[in-house]
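Comments concern the structure below.
Read-outs: derived from the displayed coordinates by stated rules, not from any lab. The model shown is predicted, which means the values in this text are computed figures rather than measured ones. FYI the Cβ positions are ideal-geometry reconstructions off the backbone, even for glycines, and counts take in every protein chain you see.
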Amino acid sequence: MGEKYQLTNGVRDVDRIDMVKDIFSTIMGKYDFLNHVLSLRRDIAWRRFTVKQMRFFRTRRFLDVATGTCDLAIEAAMRHPGIHVTGLDFVAAMLNQGRRKVVNGGLSQKIDLIQGDALHLPFPPDTFDALGMAFGIRNIPDKLNALNEVRRVVAPGGQVLILELSLPQSGWFRRFYDLYLNRLLPGIAGAFSPNPKAYQYLADSVMNFPSVAAFAGIMQRAGWVDVRAYALTLGICRLFAGRKPERRC
């Protein structure tokens with residue numbers, strides 16, 4: 001099948017981050033199309049489910065980290081008309097595509113887009129009522145520090161909502177999904193994408209993502225409470241939700 005993007009302990013974090021930037025810069029023209037096709041358009045339903053969980057109570061602001069082409073940011077702005085949305089991503093090409101979608105949707109006054117790093121968010125503490133990340137946390141090697149940093153900018157009592165692909169728990173379906181990820185998906189993507197290796201990387205990143213219990217544990221270590229995991233579409237996607245504790249008097 002050719003060279004693969006490997007997620008191994010031998011790859012330095014800085015090299016892995018550069019790898020991710022290169023991957024998403026090369027496929028951004030087909031990114032939305034392939035996501036919809038390869039998920040049988042379930043990615044749309046997953047984002048809508050995530051946005052329905054959002055609650056705004058103080059700042060009326062939402063931060064979409066690793067916003068990509070802004071699908072989650074746009075869905076949040078449309079579902080919650082009284083909020084202001086900021087989308088952040090470290091790949092300029094993805095943000096440029098997202099910016100066109102924001103403008104075409106007439107949402108320029110409701111959504112700001114900035115280039116930035118999830119490990120060094122350019123916001124003061126307690127800025128956002130809710131923070132989301134759709135399909136981005138698996139691309140961040142230092143997940144604990146990322147979860148600590150996003151907690152810093154969420155207001156006390158606010159939410160984090162992390163949507164991520166995962167491995168199903170069912171034995172037979174897990175075997176089928178493994179076949180799909182490692183054989184079918186790269187082949188389908190290769191017919192449309194200028195960089196089918198990106199979808200080989202996708203398979204590796206899903207296979208290497210922590211288990212549900214392990215990732216929930218990382219969230220708790222980062223200070224999030226009331227952590228819950230929602231299984232979506234037979235467990236091929238999970239929504240991890242947590243709350244920032246209120247300050248003690």
Worksheet item: How big is D, in µm² s⁻¹, for region 13-243 by Stokes-Einstein at 10 °C and 1.306 mPa s if Rh is the Kirkwood radius over C-alpha pairs?
Response: 89 µm²/s
Worksheet item: Out of residues 5 or more away from Gly132 or on other chains, whose amide H comes under 5 Å of its own, with H placed 1.01 Å from N in the peptide plane?
Response: Leu63, Asp64, Val65, Leu161
Worksheet item: Arg60 label point, 7 Å along Cα→Cβ, cut-off 17 Å on backbone N: hits in region 97-138?
Response: 108-112, 127-130
Fill in: Leading residue at positive end of dipole, region 13-243 (Cβ point charges), from Tyr201, Phe240, Met54
Met54
Item to complete: With label points built 7 Å along Cα→Cβ from the Cα atoms of Ala213 and His120, find their separation and express it in nm.
Response: 3.7 nm
Discussion item. Can you compute the modelled spin-label distance between Lys52 and Arg247, with each label point 7 Å from Cα toward Cβ, in nm?
Written reply: 3.5 nm
Item to complete: Please give, to one decimal in nm, the separation of the simple spin-label points placed at Asn182 and Ser108, each 7 Å out from Cα toward the Cβ.
Response: 4.9 nm
Worksheet, complete the sentence: Rounded to the angstrom and largest first, Cα extents along the principal axes for region 149-249 equal 58, 32, 19
